[in-house]
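Student: Before we start, here is the structure in question, set down as structure tokens.
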Amino acid sequence: MNAEAEFSGRVVLVAGAARGIGLACAEAFAARGATVALADIADEGLDDAAARLSATTTAANSSHQVDLGDAAAGTGLVAEIIAAHGRIDILVNAAGLLMTRPFLELEPAEWDRVNGVNARGGVFLAQATARQMVAQGSGGRIVLVASLVARRPVRLDNVAYSASKAAILQAATCMALELAPHQITVNVVSPGSTATEMLLEDQLGGGADARERALQGDLATWRLGVPLGRLAEPADQAAATVFLAGDGARHITGQELIVDGGQAVV
Ligand SMILES: NC(=O)c1ccc[n+]([C@@H]2O[C@H](COP(=O)([O-])OP(=O)(O)OC[C@H]3O[C@@H](n4cnc5c(N)ncnc54)[C@H](O)[C@@H]3O)[C@@H](O)[C@H]2O)c1
């Protein structure tokens, strides 16, 4: 198979595409011939990402500003993509909001925002996309990005975020069952520690030693080290996503692919 053309003629919606793992996914699909619709809440980052992509591809990519925390965000976004491209073949949701707080101080509003973006936002974006795919009648691929913390508490102060990722994981399994008759697969990529701003700045507070602290683990706050001895790069998560969206994964649905350098086995 010609890797360059693997996704030629297909439209991929990537949410959370302004930076990090979502941007790496957008780049990976574009490099394989897809037309990519980039969506994110971050207006400025989105423009940069779209410009960067346009410099490396000839496809008519598009960018769409959206807050997945809005109840109607999924429906509105899908309508925009259809207006721009006429169809959606693949959805990747890499948008995610991390908000850490010690459990004893967690506020209902923080729980609502994190779960509103990560869990409800992801589910209803998948629903809006799946409705469109069903109408198109030619199947589809949905890849939702959860996290290693859906199953195990890697760090302290992370109740709301971890629960939101567990919700996505189980929701994806249920979606896979209901969408199978329509030849729409639904799978999850669960990243372990990945070298993005979310990890190095938001979780570890930045600094020259942030990578090393993530690698070694720390009993006080950061429970796991990484057995393979390196942090994942966004491209590692994109590779798993491309696989699950590709022809080689046509018989895989309702699965979680954990990309974590062995963190889950310690
Ligand atoms: N980096 C890690 O170590 C790691 C580990 C496990 C899971 N994840 C998950 O991977 C995904 C990508 O994370 P990342 O590390 O690239 O983080 P990131 O913060 O670099 O990127 C997340 C993107 O989501 C966007 N976003 C946030 N809230 C949004 C909203 N309400 N509506 C639309 N877009 C919104 C952000 O603007 C950003 O561009 C997330 O779902 C995250 O939870 C990351």
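Student: Can you tell me the 0 to 90 degree angle between the C-alpha axis of helix 234-245 and the longest principal axis of the chain, rounded to 10?
Tutor: With rounding to tens, the tilt is 40 degrees.
Student: Still on this model: Can you give the three extents of the C-alpha atoms in the chain along their principal axes, from longest to shortest, in whole Å?
Tutor: 50, 37, 36
Student: Using a 10 Å cut-off on Cβ atoms, rank the peptides 230-242, 116-128, 50-62 from the highest mean neighbour count down.
Tutor: Going by the mean number of other Cβ atoms within 10 Å, highest first, we get 116-128, 230-242, 50-62.
Student: Out of all DSSP beta bridges in the range 112-262, what portion is antiparallel? Express it as a percent rounded to 5.
Tutor: 15 percent
Student: Compute the distribution of all C-alpha to C-alpha distances in the range 69-142, in bins of 5 Å from 0, and list the percent of pairs in each, rounded to whole numbers.
Tutor: With 5 Å bins starting at 0, P(r) equals 3, 16, 23, 20, 13, 10, 7, 5, 3, 1.
Student: Helix 122-136 against the longest principal axis of the chain: what's the angle in degrees, Cα atoms only, rounded to the nearest 10?
Tutor: Once rounded, one gets 20 degrees.
Student: Turning to a different aspect of this structure: Summing -39500 (n - 2.57) over the DSSP H runs of n ≥ 4 in the chain and dividing by its residue number, what mean residue ellipticity at 222 nm do you reach, to the nearest 500 deg cm²/dmol?
Tutor: Calculated from helices alone, the mean residue ellipticity at 222 nm is -12000 deg cm²/dmol.
Student: Please report, in debye to the nearest 20, how large the charge dipole of the chain is about its Cα centre when each Lys and Arg carries +1 at its beta carbon and each Asp and Glu carries -1 there.
Tutor: For this selection, approximately 780 debye.
Student: Sticking with this structure for a sec: Any idea what the relative contact order of the chain is, in percent, if you count C-alpha pairs under 8 Å spaced at least 6 apart?
Tutor: 18 percent
Student: Take the chain, connect every pair of alpha-carbon atoms lying under 10 Å apart with a spring to form a Gaussian network, then pick out the residue of Val14, Val189, Val134 with the largest mean-square fluctuation.
Tutor: Comparing Val14, Val189, Val134 in a Gaussian network model of the chain, the most mobile one is Val134.
Student: By average Cβ neighbour count within 10 Å, what is the ranking of 247-258, 155-166 from highest down?
Tutor: Ranked from most to least packed, the peptides come out as 155-166, 247-258.
Student: Return the percentage of antiparallel bridges among DSSP beta bridges fully within the chain, rounded to the nearest 5 %.
Tutor: Antiparallel: roughly 5 percent of the beta bridges in the chain.
Student: If you don't mind, another one. Separation of the range 130-169 and the range 1-64 by C-alpha centroid, Å?
Tutor: Measuring centre to centre over Cα atoms gives 20 Å.
Any read-out appearing in this document is the output of simple, stated calculations on the displayed coordinates, not a laboratory observation. Predicted model only: the values in this text are computed from it and were never measured. Please note: Cβ atoms are built from the backbone with ideal geometry, for glycine as well, and neighbour counts cover all protein chains shown.
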